[in-house]
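The values are calculated or read from the model by the stated rules, or taken from the named source; none is laboratory data. Remember, predicted model here, so these are calculated numbers, not experimental data. Cβ placement follows ideal geometry from the backbone for every residue including glycine, while neighbour counts extend to all protein chains displayed.
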Amino acid sequence: MSGQAKLGFWQIWNMCFGFMGIQFGFALQNANVSRIFQTLGADYNNMTLLWVAAPITGLVVQPIIGYMSDNTWGRLGRRRPYFLVGAILASLSLLILPNSPTLWIAAGMLWVLDASINISMEPFRAFVGDMLPPKQRSLGYAMQSFFIGVGAVVASALPWMMSNWFDISNTAVAGEIPLSVKYAFYAGGAIFLLAVLWTVYSTEEYSPEQLAEFQRAEDKASGRTVVLESQRSAQQFYRGGGIWLIAGLLLTVLIYHNINSLDRNLFILTAGLALFGLLQLLAGILAAAGRNQNGFSYVMIDLFNMPRPMQKLAVVQFFSWFPFFAMWSSTTAAVTSFHYATADASSEAYNIGADWVGVLFSTYNLTAVVAAISIPIMTRFLSLRAVHLINLWLGGIGFISFVLIQDPQWLLLPMVGVGFAWASILSVPYALLSNVLPFKKMGLYMGIFNFFIVLPQILAASILGFLISRFFDGQPIYALVIGGCSMLVAGLFTLRVDQPVTAE
């Protein structure tokens, strides 16, 4: 057996179709949760803290689900059981979330929704590496980006559609979620489940034995040897863990003794540093004990011993995803206050502005559909890293320009640049990464790689409210400017990433 067979267009279409449903869940969450939180009484500083549920959930769920799916095999295969369970749970969450009677119930449902989406999403990333030969993986991830775009275009604009096409009210009494938002969530839950069911029904998976044979053939053809076990000594784990633990504890004590209303969110960041140190110390203990084969120890040691190409890509991911969390958590507050001059969630102007944010989100996702199609074409003439750099800089310029545009109608233009960046970060890093990872750890490493999606979101949730209140007079529009600068930095770090050599 020489390796995975090349799949036809419609086979790749079917295996990626479920990602459209997943994006219905994410897009409804990203475009409307801030609106729901503000309607239920949250202000901007509290809102960024409430949003931390999503990244923390991903931090915990993704590597666990990745490890479990690597080691699952049954009637539905290896990855598909997780697609299905996650879709059922997420669809139920989408029905419940817009009916939350209080702010804290809504925040709790966001945790449940995000955990459920991650159960489906993480195995989908590894699914492309399982099913496609190296030369088709960039196409597979581009196809996922295409479906992400299609799903998000419709889902982001659903409340606007409900209001403008079906004459469903987009306003309600103070403290009540508008019917247009509720009906949008109901429709999204149904589409999520149906799309994932299509992929589960239409796609067969390779067995673990076949994947092991593919790994041997791929390594032989490319002339490379994948090092699977830890190469770092226990002493190195101890040293790094001790530094992070001490730094986190010192900063926590410092903030505790100087705390005020602007500093509370920083506890998330400092506690996170201390936790990171503890985990690295634990990895050192496990490495010293020689426990590097199974379960929790398997995850811990690999977390702190990523392959070097993965380490370089992780830095790019970190600075790429910070802006998108800033956008999801802050755009509604930014646009309604800066462009519509209101923060009253029950006012007509606020709800018109909030609906327009959904249209803006649809615009960047529609652009991402076009960009997903163009990326494989661009890679015929440029390296993957050059394509990624260009797209990230388009996104960075788009975010920064929000503060320069007064007419909200013209905000459609910067969202085009954001769309190119979005399509790129959803496909190019995974195409680069999947070609340097072993099949038997594909799900685990993809889960660990996604840490560098959720860690910048935790950072943003920790510091954005503080930065905006302390340095920018409480104007959320500057969260987008900070995000744009981060995106430009991500582009520069792309230059450090090596272009992989793949087998023909």
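Descriptive notes on the structure:
- VAL85, sole failed condition from (1) crowded, with 23+ Cβ neighbours inside 10 Å; (2) modelled with pLDDT of 80 or more: (1)
- Condition check for GLY66: at pLDDT below 85, under 29 Å from ALA372 (Cα atoms) and not assigned by TED's automatic domain parsing to the domain that holds VAL154: no
- Considering (1) modelled with pLDDT of 90 or more; (2) outside any helix (DSSP H, G or I), the lone condition that GLY3 does not fulfil carries the number (1).
- Tallying residues that are at pLDDT 85 or above and out of contact with any Gly (no Cβ under 6 Å at 6 or more places or on another chain) within the stretch 148-164 yields 7.
- Candidates LEU413, LEU426, LEU455, filtered to the one that is farther than 21 Å from PRO309 by Cα and at pLDDT 75 or above: LEU413
- Number of the exception - VAL150 against (1) surrounded by fewer than 24 Cβ atoms within 10 Å (Cβ to Cβ); (2) farther than 17 Å from TRP422 by Cβ: (2)
- Hey, ASP130 closer than 23 Å to PHE9 by Cβ and among the charged types (D, E, K, R) or not: yes
- Within the stretch 98-137, restricting attention to residues that are of a type in the set (S, T, N, Q) and crowded, with 24+ Cβ neighbours inside 10 Å, the residue that is farthest from LEU7 (Cα to Cα) is SER116.
- The residue list THR332, THR367 contains one member that is modelled with pLDDT of 85 or more, over 26 Å from GLN38 (Cβ atoms) and crowded, with 20+ Cβ neighbours inside 10 Å, which is THR367.
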